[in-house]
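Visitor: Structure provided below as structure tokens; questions to follow.
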Amino acid sequence: MNGTQTKSGRCWAVVGFFTLFMALMTYNLIIYPACAVTAMTVFGIGQTELTTLTSVTSLVGVFCGLIFGKMLDTKDVRKSILTFLAVGTALFFVRAFVLNYTATLVLTFLASFCVGICQVAAPKVIATWFPPEKIGFASSFFVAGSGLGSAGGFALGGALGIEKALLSIGILHLALLAYWLLIGGEGPFKQAAPAAGEKAPKDAAKASGVFKSRNLWLIIIAYSMAMTASMTLNSYLINSFISKGLDPAKASLMGTVLNVCLCAGGFIMTALLGVVKKFNPLMSAAMIGGGAMVLLAWFTPIGGLTWVFVALGGLFFGGSLGLCIGRIPLVPLTGDFGPALIGQASGFSETVKGLISFVLPILVANVFGTNFNGIFIVFGVCCALAFITGGLLIPELGEKGKLFRAQK
């Protein structure tokens, strides 16, 4: 990286953009359960419809990955993000003034799809701003921003109500658009395109390597299970503890505590990654610790320890998504595919994750309804699968792993 860009901090400004995007994306995702009471009243819906409104944002990832993955490997990244982010911002403003369930569902999908280009682009763009030994840390850091969105959703949702909360999402996306206009673009580590008449690198010609990559599939499964677990927990935490006898105001406060701890856990895990320089042990701790603490919170009597278990569950679990996404730009270390295909790999992961994390929560809502014991067991199973695929089966891709050291 050249000295000017390093000293100016533009590389971290770009990471900051994607961190804020992840915060805003999660705020948009979580706003319906965070404003559950006013949302169900305004739209005239029940728990299943509320879950669908939340899950439709995840379905967006299916289409974002299919369309934006290849686009970002072949088109101008700065202009592509600028265009789709602008359209999505406009749609968010329209949504804020159309308080009809069906229309809101459609607008949520369309707006989230357009701005979803940022999530697909993040691993690819960040990889152009950092040397290989810093990519994993920077990529994990931006995902930690999702915790800010969760905490903000639960902290502000009840205070604003669903109508003002939806308007705030449009305003914040407008600010994000201005931010990208000022600092957006790819960095000095971008792979140059082949000159005229020159053959493309072998790895760039074999996109099938992305779809056949065992290691990418393991990351995708871990990512999907962690996302499903997170959505399940946030969708049901408040109502489940109210059903157990907790005062509604205290249950809402518990949701805020959880999400503040998820936010803090994301940044703590990222900081630990910078020290430990290994993904697998941290992913194992996140899934085992997070899963165990949340299950203890639910399956033990309500008391002071319940709050401790919820807080610790959030702190452990908070880094899980970043520890998954942070490894996508590093899969080329395995030889499955080359750096030129990171955009498609990111897009493919979002496609599969989006499909799984859309279908599973709706399936859980329809199968279990208000059987909260069953719902928390599903949460535990998702954590166990994420631990197995993201902590045990995949080779270590961190800076202190054998694959990384072999590249030096």
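The values are calculated or read from the model by the stated rules, or taken from the named source; none is laboratory data. Everything numeric in this text was worked out from a predicted model, so none of it was measured. Quick reminder, even Gly has a Cβ in these numbers, built from the backbone with ideal geometry, and neighbours come from all protein chains shown. Surface areas here come from the heavy atoms of the whole protein model, side chains and all, with no ligands, DNA or RNA. Shrake-Rupley method; radii C 1.70, N 1.55, O 1.52, S 1.80 Å.
Visitor: What percentage of the solvent-accessible surface of the chain, computed with a 1.4 Å probe over protein heavy atoms, is contributed by carbon and sulfur atoms?
Guide: On the chain, the fraction of accessible area on carbon and sulfur atoms equals 70 percent.
Visitor: May I ask you to derive the FRET efficiency for T370 and L305 from their Cβ-Cβ distance with R0 = 30 Å, giving the value to the nearest 0.05? Walk me through the intermediate numbers first.
Guide: Working: r = 24 Å, r/R0 = 0.81.
According to the calculation, E is roughly 0.80.
Visitor: Next question. Between R78 and A271, what is the label-point separation in nm under the 7 Å Cα-to-beta-carbon projection?
Guide: The answer from the label model is 3.4 nm.
Visitor: Mind pulling the angle between the C-alpha long axis of helix 101-115 and the longest principal axis of the chain? Nearest 10 degrees, somewhere in 0 to 90.
Guide: Long axis of 101-115 versus the principal axis of the chain: about 20 degrees.
Visitor: Would you please classify the overall shape of the stretch 245-297 from the alpha carbon gyration tensor, given that a ≥ b ≥ c denote the square roots of the eigenvalues, rounded means a/c under 1.5, and beyond that prolate means a/b larger than b/c while oblate covers the rest?
Guide: Values: a/c = 6.22, a/b = 2.07, b/c = 3.01.
Oblate, since a/c reaches 1.5 and b/c is not below a/b.
Visitor: Only four residue types carry charge here, +1 at the Cβ of Lys and Arg and -1 at the Cβ of Asp and Glu. Report the dipole size of the chain about the Cα centre in Debye, rounded to the nearest 20. Show your work: numbers first, answer last.
Guide: Working: 26 positive and 13 negative charges, 198 e Å.
Dipole of the chain, to the nearest 20 debye: 940 debye.
Visitor: Build a GNM of the chain with springs between Cα atoms under 10 Å: which of V37, V60, V143 gets the top mean-square fluctuation?
Guide: V37
Visitor: Rounded, prolate or oblate: which one fits the stretch 288-408, using the alpha carbon gyration tensor with axes a ≥ b ≥ c (rounded when a/c is under 1.5, else prolate when a/b beats b/c, else oblate)?
Guide: oblate
Visitor: Mind ranking K250, K277 by accessible surface for me, highest first, 1.4 Å probe?
Guide: Details: K250 110, K277 55 Å².
Ranked list, largest accessible area first: K250, K277.
Visitor: Going by a ≥ b ≥ c, the root eigenvalues of the Cα gyration tensor, does the stretch 122-186 fall in the rounded group (a/c under 1.5), the prolate group (a/b larger than b/c) or the oblate group?
Guide: Oblate shape, in that a/c is at least 1.5 and b/c is the bigger or equal ratio.
Visitor: Let me ask you something else. Against the longest principal axis of the chain, how steep is helix 77-96, in degrees 0 to 90 to the nearest 10, with axes from Cα atoms?
Guide: Result, in degrees: 20.
Visitor: So, one more: Residue by residue, what Karplus-based ³J(HN,Hα) values in Hz, rounded to whole numbers, does the stretch 393-406 have, using 6.51, -1.76 and 1.60 with θ = phi - 60° and x for Gly and Pro?
Guide: 7, 7, x, 5, 10, x, 4, 9, x, 5, 5, 5, 5, 5
Visitor: Please work out the Cα center distance from the stretch 164-188 to the stretch 252-279, rounded to the nearest Å.
Guide: Taking the Cα centre of the stretch 252-279 as reference, the centre of the stretch 164-188 is 24 Å away.
Visitor: Select from T74, G255, S240 the residue farthest towards the positive end of the dipole of the chain; place +1 on Cβ of Lys and Arg, -1 on Cβ of Asp and Glu, and compute about the Cα centre.
Guide: So the residue we want is T74.
Visitor: Okay, next question. Tell me the per residue accessible area of the chain using a 1.4 Å probe; a whole number in Å² is fine.
Guide: Result: 38 Å² per residue.
Visitor: Let me ask something else. Taking amide hydrogens as modeled 1.01 Å from N in the peptide plane, which residues meet the under 5 Å criterion relative to G185, leaving out close sequence neighbours?
Guide: none
Visitor: Another question, then. Give a residue-ordered list of calculated ³J(HN,Hα) values for the stretch 140-157 (Karplus: 6.51 cos²θ - 1.76 cosθ + 1.60, θ = phi - 60°; whole Hz; x for Gly, Pro).
Guide: After applying 6.51 cos²θ - 1.76 cosθ + 1.60, I find 5, 4, 5, 5, 4, x, 4, x, 4, x, 5, 4, x, x, 6, 6, 9, x Hz.
Visitor: Relative contact order, percent, of the chain when contacts are C-alpha pairs under 8 Å separated by at least 6 residues?
Guide: Relative contact order here is 28 percent.
Visitor: Relative contact order for the stretch 261-408 using alpha-carbon pairs under 8 Å, separation at least 6, rounded to a whole percent?
Guide: 37
Visitor: What trypsin sites (Lys or Arg not before Pro) does the stretch 58-92 have in DSSP loop regions with at most 13 other beta carbons within 10 Å?
Guide: Here the sparse-neighbourhood loop sites are K75.
Visitor: Explain nothing, just the number: relative contact order of the stretch 29-145, from Cα pairs under 8 Å at least 6 residues apart, as a whole percent.
Guide: So the answer I get is 27 percent.
Visitor: For K134, go through the aspartates and glutamates and keep the ones whose alpha-carbon is under 18 Å away, minus same-chain ones fewer than eight residues off.
Guide: Those aspartates and glutamates meeting the cut-off are E186, E396, E399.
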